[in-house]
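*Asks:* Okay, here's the structure, questions in a sec.
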Amino acid sequence: MVLGRGVKKLDLVDMLLLAALVGLAIVWVAPIVWVIGLAFKPNDVLMRTTGGIFAPPFTGKNFRDILATSAVFGWMLNSFIVAIGQTFLTLAISTLAGYGFARTDFPGKRIAFILVIAGLAVPEQAIIVPLHTMFAEAHLHNTYFGLIAPRLAFPFGVFLMYQYFKGVPREIEEAAMLDNASRLKIFFRVVLPLTVPAQATLGIYTFLHAWNEYFWPLVSATKPEMYTLTIGLAATQTNFAQTEGIGFLMAQAVFAGLPILILYLFFQRHIVTAVAGGAGK
Amino acid sequence: MSAPSQARPVRVARRDADAVGRRTAWNALFIAPYMLAFLVLLVVPLGLGMWLSFQDYDMLAGYGGPVGWENYERLLGDRIFLGSVRNTIWFVIISVPAFVGLGLFLALLLNDDSRKSSFFRSIFFGSSVLSVTIVTLVWRLVYMPDRGLLQNIAGMFGLTAPNFMTTEALALPGIAIVTVWWIIGLPMMLFLAALQQIPKEVYEAAALDNASRWRVLVSITLPAIRRTIVLVAVIEVILQFQLFGQANLITNGGPNNASRPIVMFIYEAGFRDWMLGYAAAASQILFVLMLGAAMLQMWIGRQKDGG
């Protein structure tokens, strides 16, 4: 264990630490395993007891019910459209702006940059009430654009790309400039290909954030057919008190959580660096 | 036109040392799309929100004109609001040390390339990718009084599990447990990234000196990642000040308002009762509190840096 790189033998402290680690891991995994188990149990059994999830009877009825009745597919589609749209637009405008701030010069740049950096301190909650009124005036609620747009204003992505461009050697562009290449040509042919790692980081970060966003969709998407997955599931949770549907609720949670967990397992390494790298900046 | 003769004026015209090429207004086009979004969707609503906080603006009763500081004065006399401020600060106080402590603990244990460590890292980070609604669904079921997972386990020992959702004193700690379970991955990863920056030679020297692992931790590792500890604390304070979804979905602010955070107050005032001026004023107070807390922490971090 790393606490003592010098120590080679597994001593008592090591074993205690390992036990603590395993214990914590169980706390992290157990609720998920349990919920997956419940999703395969008949509701009338769950009415009486939620123990013994590994013992029969099992049923696929909860999942069949989802396929037949639940709006979860529509919500998932909405979440996808919003998350993809937000990711794509964030990447485009952040990369352009990050490059503009890091590598070009123009009148007013300093003041614009200071403004944008100050914007990093503004939390979503500080502006959500007036923003909601503005979108209501413009009839943008319950539209994809209305769900996607607000997040584009937050400067995090610009700041991340700015940092990245600062680290790219200037000589590459200067050489291209000597060849009389136009500014745009340099940006698209020379600079953009270099930014793929940063794009991946920002892209994953933005996608996850958009997929899990709660407050804005809650107040903007008020029509059930415009719910994102997060909001749709929140709406069904109000039925939680009538416990006859626990199995169905759990199946829905499993169904909704699985795609993102599978994505996570596939892209684990990238997701981890993206989130850690993003927040560390 | 030969290339070298072009290079010279280019360098002279530049003011920003890192910039490449001429200083020209055309370059502003690079930032134009973002600045449009920034101004329309962030600067304007921020200003509008500040203005709104000084207005009597109730969506149901209509616009009643400017009222000066009245919204703020009313907030300071509103027991629900003051309770939400207290709840939020209490939540930050109990959750942030848990994030920093547990995040650091996990990072220290998992800071190597072994398969075992990578396996455990995936487990502790995995829950972060779930959305708040799934997490709360899962945990409401864990906390469920009669048939929850917690009660099932306690029942095996003939005990009764504490009811986190309906006991006033336990509501916020219960939400804090859920929150730590949900997003411990981020602080853990930030600490791991910092630990990997520490040069291996330092540890080799300590091993030669036969320093105990506790000494290595206290006199080498912790000082080396001091900045990250402050960074994680600041990030977590900012994040946990924004507590909303978990409280809204697990306890709905209850029991008896014991777990209603500021953001939920803003949500209810602005989007349930439609008192826009009042909600906007509460937003400004949250903003100032968050800025103040973050600055205080950075200041504390700097003091330690100097001393």
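The values are calculated or read from the model by the stated rules, or taken from the named source; none is laboratory data. Remember, predicted model here, so these are calculated numbers, not experimental data. With ideal geometry, Cβ positions are generated from the backbone for all residues, glycine too; neighbour counts draw on all protein chains shown. The area values use the complete protein model at the heavy-atom level, side chains included, leaving out ligands, DNA and RNA. Shrake-Rupley method; radii C 1.70, N 1.55, O 1.52, S 1.80 Å.
*Asks:* Which of the residues belonging to segment A:215-264 are open to solvent by 50 Å² or more (accessible area, probe 1.4 Å), closer than 20 Å to residue B:271 by Cβ and at pLDDT below 85?
*Replies:* Result: A:238, single match.
*Asks:* Look through segment A:157-187, keep the residues that are assigned to a helix (DSSP H, G or I) and among the small types (Gly, Ala, Ser), and return whichever of them is surrounded by the fewest Cβ atoms within 10 Å (Cβ to Cβ).
*Replies:* Step by step, filter segment A:157-187, then rank; the result is A:167.
*Asks:* Does residue A:200 qualify as being under 24 Å from residue A:80 (Cβ atoms), more than 10 Å from chain B (Cβ to nearest Cβ) and open to solvent by less than 20 Å² (accessible area, probe 1.4 Å)?
*Replies:* So residue A:200 does not fit the description; no.
*Asks:* Does segment B:33-56 contain at least one residue that is more than 7 Å from chain A (Cβ to nearest Cβ) and touching an Asp or Glu at 6+ places or on another chain (Cβ under 9 Å)?
*Replies:* yes
*Asks:* Answer yes if at least one residue in segment B:255-268 is within 10 Å of chain A (Cβ to nearest Cβ), farther than 29 Å from residue B:299 by Cβ and open to solvent by 10 Å² or more (accessible area, probe 1.4 Å), and no otherwise.
*Replies:* Within segment B:255-268, one or more residues are within 10 Å of chain A (Cβ to nearest Cβ), farther than 29 Å from residue B:299 by Cβ and open to solvent by 10 Å² or more (accessible area, probe 1.4 Å).
*Asks:* I'm told residue B:128 meets every condition in (1) under 24 Å from the mean Cα position of the chain (by Cα); (2) open to solvent by less than 20 Å² (accessible area, probe 1.4 Å) except one. Can you identify the failing condition by its number?
*Replies:* Tallying (1) under 24 Å from the mean Cα position of the chain (by Cα); (2) open to solvent by less than 20 Å² (accessible area, probe 1.4 Å), residue B:128 fails exactly one: (2).
*Asks:* Which pairs do you get when a residue that is facing chain A (nearest Cβ under 9 Å), found in segment B:132-154, comes within reach of a residue that is of a type in the set (Lys, Arg) and surrounded by fewer than 24 Cβ atoms within 10 Å (Cβ to Cβ), reach meaning Cβ atoms under 9 angstrom, with the pair 6+ apart or on two chains?
*Replies:* B:141/B:147; B:147/A:48; B:148/B:140
*Asks:* Every residue in segment B:57-79 that is in contact (Cβ under 8 Å) with a residue 12 or more places away in the chain and open to solvent by less than 70 Å² (accessible area, probe 1.4 Å), please.
*Replies:* Scanning segment B:57-79 gives B:57, B:58, B:67, B:68, B:71, B:72, B:75.
*Asks:* Still on this structure, I have one more. Can you name the helices (runs of 4 or more DSSP H) wholly within segment B:68-165 that have at least 1 residues being among the small types (Gly, Ala, Ser)? Before the answer, list the steps.
*Replies:* Details: elements: B:70-76, B:79-109, B:115-126, B:132-143, B:149-156.
It comes to B:79-109, B:115-126, B:149-156.
*Asks:* A further question follows. Could you figure out which of (1) open to solvent by less than 10 Å² (accessible area, probe 1.4 Å); (2) modelled with pLDDT of 90 or more; (3) more than 25 Å from the chain's Cα centre (by Cα) isn't true of residue B:107?
*Replies:* Result: residue B:107 passes all but (3).
*Asks:* Another question, then. Within the set of pairs 6+ apart or on separate chains, which have a first residue in segment A:252-266 that is among the β-branched types (Val, Ile, Thr), a second that is open to solvent by 50 Å² or more (accessible area, probe 1.4 Å) and modelled with pLDDT of 85 or more, and C-beta atoms under 6 Å apart?
*Replies:* A:254/A:36
*Asks:* Any idea which of B:220, B:177 is within 29 Å of residue B:234 (Cβ to Cβ), open to solvent by 40 Å² or more (accessible area, probe 1.4 Å), outside any loop (DSSP other than H, G, I, E, B) and out of contact with any strand residue (DSSP E or B) (no Cβ under 9 Å at 6 or more places or on another chain)?
*Replies:* Just a single option satisfies the conditions, and that option is B:177.
*Asks:* Enumerate the helices (runs of 4 or more DSSP H) found wholly within segment A:50-130, keeping only those where 3 or more residues are at pLDDT 95 or above and more than 11 Å from every other protein chain (Cβ to nearest Cβ).
*Replies:* A:72-103
*Asks:* Is it true that some residue in segment A:94-104 is over 27 Å from the mean Cα position of the chain (by Cα) and either open to solvent by less than 20 Å² (accessible area, probe 1.4 Å) or closer than 27 Å to residue A:260 by Cβ (or both)? First the steps, then the outcome.
*Replies:* So the first thing to find is which residues in segment A:94-104 are over 27 Å from the mean Cα position of the chain (by Cα), and the list is A:103-104.
Next, only the ones that are either open to solvent by less than 20 Å² (accessible area, probe 1.4 Å) or closer than 27 Å to residue A:260 by Cβ (or both) stay: A:103-104.
Looking through segment A:94-104, at least one residue is over 27 Å from the mean Cα position of the chain (by Cα) and either open to solvent by less than 20 Å² (accessible area, probe 1.4 Å) or closer than 27 Å to residue A:260 by Cβ (or both).
*Asks:* Checking the structure you have, find out if any residue of segment A:141-156 is part of a loop (DSSP other than H, G, I, E, B), in contact (Cβ under 8 Å) with a residue 24 or more places away in the chain, within 10 Å of chain B (Cβ to nearest Cβ) and of a type outside the set (A, V, I, L, M, F, W, C).
*Replies:* There is at least one residue in segment A:141-156 that is part of a loop (DSSP other than H, G, I, E, B), in contact (Cβ under 8 Å) with a residue 24 or more places away in the chain, within 10 Å of chain B (Cβ to nearest Cβ) and of a type outside the set (A, V, I, L, M, F, W, C).
*Asks:* Given the conditions (1) farther than 30 Å from residue B:22 by Cα; (2) in contact with a Lys or Arg (Cβ under 9 Å, 6 or more places away or on another chain), report the number of the one that residue A:74 does not fulfil.
*Replies:* (2) is the only condition that residue A:74 fails.
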